[in-house]
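Chemist: Please see the structure below; I have some questions.
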Amino acid sequence: MSKLRFWGRFVWVASLLLFVAPAVRAQQAPLSLDDEYAKMAEKVPGFGGLYVDEKGITHVYLQDLDRAGEMQGLAERVVFHQGDYDFRDLYTWREQVRPELAGTGAVYLDIDERRNRLVFGVERELIDRFTEELQSFLKGTRVPPEAVIVEAVEPIKPLEMLTDKIRPVPAGVQITRQINTTTIGICTLGTNAVRFGVKGFVTASHCTATQGSVEGSVFFQSMPGVGNQIGVETIDPPLFTGGSCPPGRKCRRSDAAFAAYDSTSLSAGPKIANPVFWGLGVGTLAVSPVTPCLTVTGFLFGSVSSGSVVYKVGRTTGGTFGSVTNTCVDTNVSGSTITMLCQDWVGSGSAGGDSGSPVFTLSGAEATLAGILWGGNGGAYIYSPWFSVFLELGAGPIPNAL
């Protein structure tokens, strides 16, 4: 058995111990990949790291290429390269230079398996100053300067979440209402809008204190607290009876209400927060750092055809997409006498807190607003088409700047 195969079996057995002896392993920190590579270099001296390229080929650095035979069986396709440094040395030197992570503009420190070097990533505008500081620092160590690469990178920032406080406020983010001292109602902002010259936003009517009644519900983004209040409910048309409404039921054509912003500067305008990942059932709550917002370029006054793909962004299940399964469905609201007339159903995921989410079609980073999500049954979500929202809330709202 080759040394490498022995090492591979050792790792395999060790991984089994994580399951058969958790009480023992719980007291020991798991080995990182760098730890494993350092151990591999103990078994094959001169091993300098490895990586797999986009074609699935494994590339291995060795200081002594004559030892390549000791690493046969590592993968189906292996290419060996002349390495300058043993991984154990890189591993040790990393500890010695780690204090420089506190240096000017430092972003990260890595043992780069692709280059058989230590690499400092540094903010572009500060790279000269950092390099000067590093060179001075290395004089007091045994780390060869040639083993350390300094390269310019963008700083790493925490991803913004749909549940975070975001200013100015786009659609698709969490909004809340203080119900009592211990209970908070959580929903999603559906769209920024202007109604008769007043900037505000649309969310689900049932996210207010009383569906179909204006009682001045106060909304926060993202959580109740000082400085987080964003607006107050001003329009929430009453439920009606008779006519097309079934006997004994109360009806509306949209589960939507309008709230006026406390300050016009709070509105992000025709923008919807853009998640990093979209899913059929559940997406991510993390907002894309590259394209944080989609732009609303229009809205649909007609109904989306059955089978059309629509998207939504909600504070609980993030960005999801699915096909419209049913259109203009008269839908009873569970546990109530309310019937929502002519609603559209979508075969996609949603969950509590997603009420109020914008539903839209998408072309690149441009969204066309289709409606406001308000309910679901596990396998589908239901939304009020935008033309119904528009007709019930008045001569507006329309998405800002359209």
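Chemist: Semi-axes of the equivalent ellipsoid for the chain, please: Cα gyration tensor eigenvalues, times 5, square-rooted, ordered largest first, whole Å. Don't jump to the answer; show the numbers that get you there.
Modeler: Numbers: eigenvalues 639, 127, 73 Å².
Equivalent ellipsoid of the chain: 57, 25, 19 Å, largest first.
Chemist: Shifting gears a bit: Work out the FRET efficiency for residue 157 and residue 43 from their Cβ-Cβ distance, taking R0 = 45 Å, and round it to the nearest 0.05.
Modeler: Efficiency, from the Cβ-Cβ distance: 0.65.
Chemist: While we're here: Among the Cys residues of the chain, which have no other cysteine Cβ under 4.7 angstrom away?
Modeler: 293
Chemist: Which order results if 381, 261 are arranged by neighbouring Cβ count within 10 Å, fewest first?
Modeler: Working: 381 28, 261 20.
Listed from fewest to most nearby Cβ atoms, that is 261, 381.
Chemist: Right, something else. Out of residues 5 or more away from residue 256 or on other chains, whose amide H comes under 5 Å of its own, with H placed 1.01 Å from N in the peptide plane?
Modeler: It is 205, by chain and number.
Chemist: Please work out the FRET efficiency for the pair residue 137 and residue 265, using the Cβ-Cβ distance as r and a Förster radius of 56 Å; give the result to the nearest 0.05. Write down the numbers at each step before the final one.
Modeler: Numbers: r = 46 Å, r/R0 = 0.82.
The value I calculate is 0.75.
Chemist: A follow-up question, please. Express the relative contact order of the chain as a whole percentage, based on alpha carbon pairs under 8 Å and six or more residues apart in sequence. Could the numbers behind the result be given before it?
Modeler: Details: 958 pairs, mean separation 48.6, N = 402.
12 percent.
Chemist: Please report, ordered by residue number, every helix of the chain (full DSSP H runs) that is 20 Å or longer along its axis going by C-alpha atoms and whose mean Kyte-Doolittle hydropathy reaches 1.0.
Modeler: On the way: long enough: 3-20 (25 Å, 1.23).
Qualifying helices: 3-20.
Chemist: If you stretched the chain out fully between residue 79 and residue 108, how much longer would it get, using 0.36 nm times the residue separation minus the C-alpha to C-alpha distance? Intermediate values should be presented prior to the final figure.
Modeler: Values: separation 29, 0.36 × 29 = 10.44 nm, distance 2.84 nm.
Working it through step by step, the gained length comes to 7.6 nm.
Chemist: Just name one of 108, 174, 37: the one whose Cα is farthest towards the positive end of the charge dipole of segment 31-187 (beta-carbon charges, Lys/Arg +1, Asp/Glu -1).
Modeler: Positive-end residue among those listed: 174.
Chemist: What residues have an amide H closer than 5 Å to that of residue 355, excluding those fewer than 5 places away on the same chain, when H is modeled at 1.01 Å from N in the peptide plane?
Modeler: 188
Chemist: Count the lysine pairs in the chain whose Cα atoms lie under 15 Å apart, taking only pairs 8 or more positions apart in sequence or on different chains.
Modeler: Lysine pairs meeting both conditions in the chain amount to 4.
Chemist: What is the spin-label model distance, in nm, from residue 167 to residue 96 if the labels are put 7 Å beyond Cα along the C-beta direction?
Modeler: 4.8
Chemist: Okay, next question. Under the Karplus relation 6.51 cos²θ - 1.76 cosθ + 1.60, θ = phi - 60°, what is the ordered set of whole-Hz ³J(HN,Hα) values for segment 242-247, x standing for Gly and Pro?
Modeler: x, x, 7, 7, x, x
Chemist: Fewest first, what order do 354, 89, 35, 255 take by the number of other Cβ atoms within 10 Å? List each step's numbers first, then the result.
Modeler: Numbers: 354 26, 89 19, 35 12, 255 30.
If I rank by nearby Cβ atoms, fewest first, I get 35, 89, 354, 255.
Chemist: Within 10 Å of each residue's Cβ, count the other Cβ atoms and sort 98, 252, 124 from fewest upward. Could you put the intermediate results ahead of the total?
Modeler: Working: 98 10, 252 22, 124 13.
So the residues, fewest neighbours to most, are 98, 124, 252.
Chemist: Let me ask another. Between residue 328 and residue 179, how many nm apart are label points set 7 Å from Cα along the C-beta direction?
Modeler: In this crude label model, residue 328 to residue 179 measures out at 3.6 nm.
Chemist: What does the extension gain come out to for residue 366 and residue 309, with contour length at 0.36 nm per residue minus their alpha carbon separation?
Modeler: Values: separation 57, 0.36 × 57 = 20.52 nm, distance 1.45 nm.
Full-extension gain reported as 19.1 nm.
All of the numbers you see were taken from the coordinates with simple rules; none came from a lab. This one's a predicted model, so the numbers in the text were calculated from it and none came from an experiment. As a convention, Cβ positions derive from the backbone with ideal geometry for all residues, glycine included, and neighbour counts pool all protein chains shown.
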